[in-house]
1. If we count other beta carbons within 10 Å of each Cβ, what is the order of Arg54, Arg59, Arg134, Arg38, fewest first?
2. For a quick check: sort Ile194, Ile12 by the number of other beta carbons within 10 angstrom, fewest at the front.
3. Quick check: the distance between the Cα centres of the stretch 110-172 and the stretch 41-81, to the nearest angstrom?
4. Place a +1 charge on the Cβ of each Lys and Arg in the chain and a -1 charge on the Cβ of each Asp and Glu, then give the dipole magnitude about the Cα centre in debye, rounded to the nearest 20.
5. Quick query: amide H of Tyr17 versus all other amide H atoms, modeled in the peptide plane; which residues come in under 5 Å with a sequence gap of 5 or more or a different chain?
6. Connecting C-alpha atoms closer than 10 Å in a GNM of the chain, tell me which of Asp159, Asp73, Asp125 has the biggest fluctuation.
7. For Glu221 and Ser100, compute 0.36 nm times the residue count separating them, minus their Cα-Cα distance, and round to one decimal in nm.
8. At 7 Å along the Cα-to-beta-carbon direction for both Gln199 and Arg59, put a label point, then send me their distance in nm to one decimal.
Amino acid sequence: MPLPATAPSITITNLTYTHPDGTPALHNITLHLPPHSRTLLIGANGAGKTTLLRLLSGRRLSPPNTISIGGVDPFTTGLEGVTYLGMEWVLNPIVRNDISVTELLKSVGGDHYPARREELVRILDIDEAWRMHRVSDGERRRVQLAMGLVRPWSVLLLDEVTVDLDVLARARFLQFLKEETEKRECTVVYATHILESAQSWATHLVRVTLGGVREFGRTEEVVE
């Protein structure tokens, strides 16, 4: 099901989640992230950031009536336009094969969005002649980001995917996402422990501790 034409909001209401093995993960989370927002999701490892993003993406079943993206449940509806880039994605073995960047971007539809492809190649400083089995981890991560973002999305959920980027590449990447939310009908949630430059980029900040929300609000209010 496609999302509405307008930028989607994300609403979480009294969300409590327990892993299948019985381990508590999230407790009584309530948030509203408005359309066009860029939300920074921060917290220590194991705080619940990844679990929350997976629930938002529909990769895990959330309790009924607890998560709404653009007014619908992402799991039961199977939303189009929700892009989740997490650790499962970056470990995909195809990006370590003897294949060129051009071939990889074509395989994910890059030829249908030439302007976006060229912009992502530029801002991420990618050489399309690279062979993926010969690049560094940082170069490979930049190619993976271009692959994940070349198709336009309405909701982008990022889980620590910029960890291998250098400072300049990360800054250009965040600027690209900022411009996306300003020019297109889209919303971003970015989980990270790298706060350098990210706080000034975010419109909202969520601090997660031990499966609960410790702080939430507009960035300037929470940082103060």
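1. Arg134, Arg59, Arg54, Arg38
2. Ordered from fewest to most neighbouring Cβ atoms within 10 Å, Ile194, Ile12 come out as Ile194, Ile12.
3. First find each Cα centre; the distance between them is then 24 Å.
4. Details: 24 positive and 27 negative charges, 45 e Å.
So the magnitude is around 220 debye.
5. Ala25, Leu26, His27, Asn28
6. Ranking Asp159, Asp73, Asp125 by mean-square fluctuation puts Asp125 first.
7. 39.0 nm
8. It is 2.9 nm.
No value in this document is a laboratory result; all are computed from the given coordinates. Just so it is clear, the model here is predicted, and its values are computed rather than measured. Virtual Cβ from ideal backbone geometry, glycine too; neighbours counted across all protein chains shown.
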